[in-house]
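Take a look at the structure below.
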Amino acid sequence: MMEYQKILDLPKQTVDKNKSFITKLKRKKANSIDDMFHEKHEEVFEDIDCLKCGNCCKTTSPIFREIDIKRIAKKQKMKAVDFIETYLRIDTDGDYVLQTSPCAFLDQEDNSCTIYDYRPLACEGYPHTNRKNMYQILDLTLKNTEICPAVARIVTELEKATNMDRPKPRTQDGRG
């Protein structure tokens, strides 16, 4: 986890740079953003092992949709209403989220998920860097740089690879 913590510390040191990069990305074509993220996602996840980190499960909550609640409650041999009462609360956006962190379904011995086979869709897709229409969630991606070492590394490496983090060279007349 120590090496992953170092990766997580980078976005905190470069908040303005990351915001600027994400703002510039928003001006690019949607499918080119997808291509950039998907390629880097595959590359980064060849090195990063989520079970060595688990920071997402330790610090944040997924959104639980009604279908997630029903499925998980059934597998836990609970009524949906009891599952909600035991584990969930409604957040300021009106979504069901966990009452506490770390996640009640996180096995803290090995960072595995005790409901992995029927986890919420939000968990299944996390950190969402390989989904379609990445341009729609660039602000969320920026927030996730502080939670997920893989996202932090993906964004950092994309900044370097695209040269979007460098100032434009000046022309002879001094204009950018």
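No value in this document is a laboratory result; all are computed from the given coordinates. Note that the structure is a prediction, hence the values are computed from the model and not measured. Ideal geometry is used to build each Cβ from the backbone, glycine not excepted, and the neighbour counts take in all protein chains shown.
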**Asked** Pick from Asp47, Asp107, Asp35: which is most flexible by mean-square fluctuation in a GNM of the chain where alpha carbon atoms under 10 Å apart are linked?
**Response** Asp47
**Message:** Counting other C-beta atoms within 10 Å, and keeping those with at most 11, which DSSP coil GluC sites (Glu not before Pro) do you find in the range 67-133?
**Reply:** Glu109
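As an exercise, identify the trypsin sites (Lys or Arg not before Pro) in the range 32-79 lying in DSSP coil whose Cβ has no more than 12 other Cβ atoms within 10 Å.
Values: sites: Lys40, Lys52, Lys58, Arg65, Lys70, Arg71, Lys74, Lys75, Lys77, Lys79; in loops: Arg65, Lys77, Lys79.
Filter output for the range 32-79: Lys77, Lys79.
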**Asked** For the cross-link pairs Lys40/Lys160; Lys19/Lys132; Lys24/Lys160, which exceed 19 Å when the distance is taken from alpha carbon to alpha carbon?
**Response** Lys19/Lys132
**Using alpha-carbon coordinates, inclination of helix 149-162 to the longest axis of the chain, degrees** = 20
**Between 0 and 90°, nearest 10: helix 30-44 axis offset from the chain longest Cα axis** = 70
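Give me D for the range 60-123 in µm² s⁻¹, whole number, from Stokes-Einstein with Rh from the Kirkwood sum over alpha-carbon pairs, 25 °C and 0.890 mPa s.
206
About the Cα centre of the chain, what is the dipole size in debye to 20, counting +1 per Lys and Arg Cβ and -1 per Asp and Glu Cβ, all else neutral?
740
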**Fill in**
With the dipole of the chain defined by +1 on each Lys or Arg Cβ and -1 on each Asp or Glu Cβ, the option from Ile33, Pro127, Thr60 whose Cα lies farthest towards the positive pole is Ile33
**Message:** At a 10 Å Cβ-Cβ cut-off, how would you order Asp49, Asp9, fewest neighbours first?
**Reply:** Asp49, Asp9
**Asked** Nearest 10 degrees, 0 to 90: what angle lies between the long axis of helix 15-25 and the longest principal axis of the chain (Cα atoms)?
**Response** 80
**Request:** Assuming R0 = 25 Å, can you tell me the calculated FRET efficiency for the pair Gln99 and Leu51, based on Cβ-Cβ distance, to the nearest 0.05?
**Result:** 0.55
**Item:** Under the Debye formula (equal points on every Cα, no solvent term), log10 I(q)/I(0) of the chain at q = 0.18 Å⁻¹
**Value:** -1.20
**Message:** For the pair Glu39/Glu157, report the inter-label distance in nm, with labels modelled 7 Å from Cα in the Cβ direction.
**Reply:** 1.2
